[in-house]
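Step one of this worksheet: look at the structure below.
The values are calculated or read from the model by the stated rules, or taken from the named source; none is laboratory data. Remember, it's a predicted structure, so these values are computed and weren't measured experimentally. Every residue, glycine as well, gets a Cβ built from its backbone with ideal geometry; the counts of neighbours run over all protein chains shown. Ligands, DNA and RNA are excluded from the accessible area calculation, which covers all protein heavy atoms including side chains. Shrake-Rupley method; radii C 1.70, N 1.55, O 1.52, S 1.80 Å.
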Amino acid sequence: MRTRFRQSLDELKEKLLIMAGFSEQAIQRSIEAYRTRDESLVELVRRTESAVNRLEREIDAAALDLLATEQPMAVDLRFILSVIRINADLERVGDLAVNIALRAREMNSFADINLPVDIPRMGTLAAAMVRKSLDAFIDGDAALAESVLLLDAEVDQINRAAFRSLSELIKRDPETTPQALNAIMIARNLERVGDHATNIAEDVIFWVRGRDVRHNVSAAA
Amino acid sequence: MRSVSISWLVFSLLLVVAAAAMMTGMYTSGAGFGAKFAAFACLVLAVCMALAVLRWRLRSESTIFEELVATAGVGPSPSPEFGSLPRRLAQREDEAATRLAQTDESRHQLEVLLEGMQDGVLGVDAAGRVQWTNTQMTRLLETHGLGGAVRLGRSVTHTLRDPVLLAAVHQAVENGKPVEVRSPTLLPNRIFDVNAAPLPGGGAVVVLHDVTRTEAVERTQREFVANVSHELRTPLTSIIGYVETMLDTEPLQTHAREYMETVLKNATRMSRLTEDLLVLARVEDADRSLRMEPVGADELLQEALLLAEAAAFGEQALFQIDRTTSVNVLADEHAVGQVLGNLMENAAKYGGRSSDERARVVLGAVLTPNGAAVQFSVRDFGAGIALEHQERIFERFYRVDKARSRESGGTGLGLAIARHLIEEQGGKLRVASTLGEGSTFSFTLPVASPGLTAIG
């Protein structure tokens, strides 16, 4: 009986990681769509989104089933609750990837100008946060999860700097408004990807240590 | 023998018991010394007999055992039929040791090979768990995967989550078919060719080959060719235009006219070459998509035939349509027309037995035996192509006979373009040829499923 329960937990974890793969791929492609101005990538990101949505429903159903039929306790209960929350975060990451891709496509209809923001770097950082938080989830590594919480500050800071320099650019050269506005939106979406990675990391800490560290970074660090 | 000894044993034991009983009786009844001594002597005799029988029996059993050992050939006097056994056993042992050493050695070689590879390798079992890996794989993950690690004994998803890779592994493990895909999302900013091959005992080997550099070089090259061709075409158009006008309107001296005609001929050839280069650059650009629609196989052949007869090379050959099917194939009509036109032009140019003889070219379109595709063929009865050239003719600018190609005005790009166009439509362009008998170029296109109107 318990062995079957263990197996169900493993399967749930496997499903969540497959879904994570799709979300991570979507983020990577959306950044690539911005960098290369390749519109075919936008379509691919949108297609991935529907796969992500389907997986989200499947994982939720499987997790709720386990809660109802097995009535897990302590660490197992926390694990399933974390899966449900991480699932929602990953689905949002997929949505944000679509937003970024659509903004990137919109930018293609305007001149390719030099913007004072390094979107690819920010994207790599946000994607790395997601990846690290998932690695922490795979190994149940609370210490690694804590390191993700620290990275978030860096992404936030780049986002604020991007906002400042891009709004200055708009003031100085109103012609660049469409490009600059889209870049602001993309930076903001990436910052939110970072936030979701932080959520995932917090869920891992909750699962492993049974401690709620949300909205309280210093307690975790 | 045994039963005799047993009865002797029983007999002597009875004797012992009787003697003992007698003695007990005599001592209790107060018999005389003589009778007591006789009874005691009887008891001693009976015990001695019993011991003798026991000893003899034990001895006879050990003799049997010794005989057995001797017969098996292990003992001091081996019987002839088992005599070679020890030697053979020793020989087998030696062989086993040698084989073990060989296995160890080849295992070691494989390990060295695996470690020396520039590609990342993962061994996955039938349940999708990573069983082994090489150093390069770990290094790849450390360098680009931001400190990720290969997690042995656990599902692949615990190491890599790229959907393209997972799909390939799944297909190789579940369907037992090798898969080759390109993934630009495996690791950040890298492009990988993923090869997943099934293992005979279940599971699969996954090889990750980094093609980021190659891809970048190829892209630059394609863009360069496209740009240069475009730049070359513009001045050529005006050269050709002015020469043609001059030839048409200006009164020229004979040799001046000859020179102008040579200029026109070569400028036209150059123009064709740049045109082909542009087409090649376009077909090699993965972003371009073909318009795939259901179209009758026989229609494609008829259309190609009409165009060929109207073209300049139409004069050089006699075209016939052999067997055709009216089944609909899923194809880009324009692209197939281009391929057929190219194959027919080649057949017309090189398919004649001599340069003045008109070549005979036979076209065909038949359903493949499984009914899933239609095989198109263009056959000539010319000199044929030697085996060593057969694969290379599909390379860009490869010529079997340089002088002849120059004379015929070919650019050396036609078959490269044709192969690309067919592969993009999910088919394969092949050649079968025998020297002195002619060549057949053939390609397959998938049959359009009924009810399918168009695919983007």
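Observations on the model:
- Residue tally, condition surrounded by fewer than 20 Cβ atoms within 10 Å (Cβ to Cβ) and either at pLDDT 90 or above or in a helix (DSSP H, G or I) (or both), over region B:167-178: 5
- Condition met for residue B:131 (under 23 Å from the mean Cα position of the chain (by Cα), away from chain A (no Cβ under 14 Å), touching a residue at least 60 places away in the same chain (Cβ under 8 Å) and within 25 Å of residue A:138 (Cβ to Cβ)): yes
- The sole residue among A:197, A:143, A:153 that is outside any loop (DSSP other than H, G, I, E, B), aliphatic (A, V, I, L, M) and open to solvent by less than 50 Å² (accessible area, probe 1.4 Å) is A:197.
- Test result for residue A:96, in contact with a helix residue (DSSP H, G or I) (Cβ under 6 Å, 6 or more places away or on another chain) and surrounded by 23 or more Cβ atoms within 10 Å (Cβ to Cβ): yes
- Residues in region B:368-393 that are surrounded by fewer than 16 Cβ atoms within 10 Å (Cβ to Cβ) and closer than 25 Å to residue B:299 by Cα: B:368, B:369, B:370, B:371, B:372.
- Being open to solvent by less than 50 Å² (accessible area, probe 1.4 Å), within 14 Å of chain A (Cβ to nearest Cβ) and among the acidic types (Asp, Glu) holds for only one residue in B:215, B:223, and it is B:215.
- Selected residue (criterion: most open to solvent (accessible area, probe 1.4 Å)) from residues of region B:187-203 that are assigned to a loop (DSSP other than H, G, I, E, B), modelled with pLDDT of 85 or more and closer than 14 Å to residue B:125 by Cβ: B:200
- Meets criteria (assigned to a helix (DSSP H, G or I), acidic (Asp, Glu), touching a helix residue (DSSP H, G or I) at 6+ places or on another chain (Cβ under 9 Å) and without any contact (Cβ under 8 Å) to a residue 24 or more places away in the chain) for residue A:135: yes
The rows are residues; the columns are (1) charged (D, E, K, R); (2) closer than 22 Å to residue A:56 by Cβ; (3) out of contact with any helix residue (DSSP H, G or I) (no Cβ under 8 Å at 6 or more places or on another chain).
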site: A:5; (1), (2), (3): no, no, no
site: A:11; (1), (2), (3): yes, yes, no
site: A:16; (1), (2), (3): no, yes, no
site: A:19; (1), (2), (3): no, yes, no
site: A:24; (1), (2), (3): yes, yes, no
site: A:28; (1), (2), (3): no, yes, no
site: A:33; (1), (2), (3): no, no, no
site: A:40; (1), (2), (3): no, no, yes
site: A:44; (1), (2), (3): no, yes, no
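- For region A:35-48, the count of residues that are among the basic types (Lys, Arg), in contact (Cβ under 8 Å) with a residue 12 or more places away in the chain and within 9 Å of chain B (Cβ to nearest Cβ) is zero.
- Number of the exception - residue A:61 against (1) more than 10 Å from chain B (Cβ to nearest Cβ); (2) open to solvent by 60 Å² or more (accessible area, probe 1.4 Å): (2)
- Residues satisfying the stated conditions in region B:290-330, i.e. charged (D, E, K, R) and open to solvent by less than 80 Å² (accessible area, probe 1.4 Å): B:293, B:298
- Single residue of B:13, B:45, B:58 found to be modelled with pLDDT of 75 or more and exposed (fewer than 15 other Cβ atoms within 10 Å of the Cβ): B:45
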